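Below: the structure, in structure tokens.
The values are calculated or read from the model by the stated rules, or taken from the named source; none is laboratory data. A quick note: this is a predicted structure, and the numbers were derived from the prediction, not measured. In this analysis, Cβ positions are derived from the backbone assuming ideal geometry, glycine residues included, and neighbour counts consider all displayed protein chains. Calculation scope for accessible area: heavy atoms of the full protein, side chains included, ligands and nucleic acids excluded. Shrake-Rupley method; radii C 1.70, N 1.55, O 1.52, S 1.80 Å.
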Amino acid sequence: MAEKAQYEELIRQFSAFGAVKREMGRILPADCPGGSAAVLTLLGRHGDMRMSKLAELLAVDMSVTSRHVAHIADRGWIERSPDPADKRSRILRLTPEGRAQLDELSERTTQLLAHRLSDWTDDEVGQLTRLMARLRASFDDCRSTHARTAAPPAVEQTTRTPAITT
């Protein structure tokens, strides 16, 4: 297990990572904020799905998901059709316009990362990708109801207050 100082440095790095996320957010088109981009990305990756599944994948409340879905539906990027298995539910599906918007988002993001990581080797980019995927997998169970309500294990208290960014 890593030492306390390593976890504290990791907390500082997470806080500083907010700058990376903000720059990535600045390259999004004005009519496609981050939440909308996340919905398009998930539909592109996982295919058609119910809103409840989308909310689970986003790890946000259904009301937040509904707002994102309404925003992109108003722009014609998705369609909502009745679920054949349950007429009360809707299936969300990318439209050709939504696919084009997703392609544009992917191109912008790829160009930004290629520019910012131009001095990284292919191995370094691959290592970062693998480690981020592993970190995310370590937190995947946070999406379950049990994990959200269960208390985290006790951690030794520190006198430092970690910086938190949004």
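Taking the accessible area of the range 13-124, probe 1.4 Å, and keeping the other protein chains in place, the carbon and sulfur fraction comes to 52%. The ellipsoid that matches the Cα gyration tensor of the range 69-127 has semi-axes, each √(5λ) in whole angstrom, of 36, 14, 8, with the longest given first.
Taking the square roots of five times each eigenvalue of the Cα gyration tensor of the range 11-138, the equivalent ellipsoid has semi-axes of 30, 17, 14 Å, listed largest first.
The calculated FRET efficiency for the pair Leu128 and Glu104, based on their C-beta separation and a Förster distance of 25 Å, comes to about 0.55.
In the full protein context, the range 45-106 carries 60 Å² of accessible surface per residue, based on a 1.4 Å probe and ignoring ligands, DNA and RNA. Of all lysines in the structure, the ones whose alpha carbon falls short of 21 Å from that of Lys53, not counting any fewer than 8 places away in one chain, are Lys87.
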